[in-house]
Amino acid sequence: MSYLLPHLNNGWQVDQAILDEEEKLVIIRFGHDWDPQCMQMDEILYKSAEKIKKFAVVYLVDITKVPDFNTMYELYDPVTVMFFYRNKHMMIDLGTGNNNKINWAMNDKQEFIDIVEIIYRGARKGKGLVVAPKDYSTKYKY
């Protein structure tokens, strides 16, 4: 599904996407188009894009072609989804300890839409950290 979503091909385009969007939440998926987890997440992003288009915009970034942000955002996972609003990185408490990003492939479109809505509402209120509607700390049974 990655071919159906807009790609940002260099650091300048990523910066402009974050800087230029004044009213919408910017969702950026960092990863590789060929990675199975990214493919799964891209499918959720594509299916959600139509429903969230009034308040959010989705972009994809290949971390091999655009390595500029790999260290800054600690992009070591196969798939990483980050959120920005008015040039500010939005953090979300998912119960996992990492409030900066979603670093696994989701498999439920509505669950993702709920997260995006919560982040957007919090961003509009000026919050930098919002709490997810679901606790993901028990997602993996160790």
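Evaluate the stretch 84-94: report whether one residue or more is β-branched (V, I, T), modelled with pLDDT of 95 or more, over 17 Å from K109 (Cβ atoms) and crowded, with 20+ Cβ neighbours inside 10 Å.
No, every residue in the stretch 84-94 fails to be β-branched (V, I, T), modelled with pLDDT of 95 or more, over 17 Å from K109 (Cβ atoms) and crowded, with 20+ Cβ neighbours inside 10 Å.
What strands (runs of 3 or more DSSP E) lie completely within the stretch 44-134 and have 1 or more residues being of a type in the set (F, W, Y) and touching a residue at least 24 places away in the same chain (Cβ under 8 Å)?
Per the criteria, 56-62, 79-85.
Restricting to the stretch 41-67, name every residue that is over 26 Å from K125 (Cα atoms) and either surrounded by fewer than 16 Cβ atoms within 10 Å (Cβ to Cβ) or at pLDDT below 90 (or both).
Passing the criteria: K47, T64, K65, P67.
With respect to the numbered conditions (1) closer than 16 Å to L5 by Cα; (2) modelled with pLDDT under 90, which one is the sole condition not fulfilled by Y142?
Going through the list (1) closer than 16 Å to L5 by Cα; (2) modelled with pLDDT under 90, Y142 breaks only (1).
Could you tell me which residue of the stretch 112-135 is nearest to S48 (Cα to Cα), considering only residues that are in contact with a Leu (Cβ under 9 Å, 6 or more places away or on another chain) and crowded, with 17+ Cβ neighbours inside 10 Å?
Once the filter is applied, the top-ranked residue is F112.
Given the condition among the basic types (K, R) and surrounded by fewer than 16 Cβ atoms within 10 Å (Cβ to Cβ), answer yes or no: does some residue in the stretch 10-31 qualify?
Looking for residues that are among the basic types (K, R) and surrounded by fewer than 16 Cβ atoms within 10 Å (Cβ to Cβ), one finds none in the stretch 10-31, hence no.
If I ask for residues that are of a type in the set (A, V, I, L, M, F, W, C) and touching a Pro at 6+ places or on another chain (Cβ under 8 Å), which ones from the stretch 22-51 would you list?
C38 - this is the single residue of the stretch 22-51 that is of a type in the set (A, V, I, L, M, F, W, C) and touching a Pro at 6+ places or on another chain (Cβ under 8 Å).
The values are calculated or read from the model by the stated rules, or taken from the named source; none is laboratory data. Computed from a predicted model, the values in this text were never measured in an experiment. No Cβ is skipped: glycine too gets one built from the backbone with ideal geometry, and neighbour counts run over all protein chains shown.
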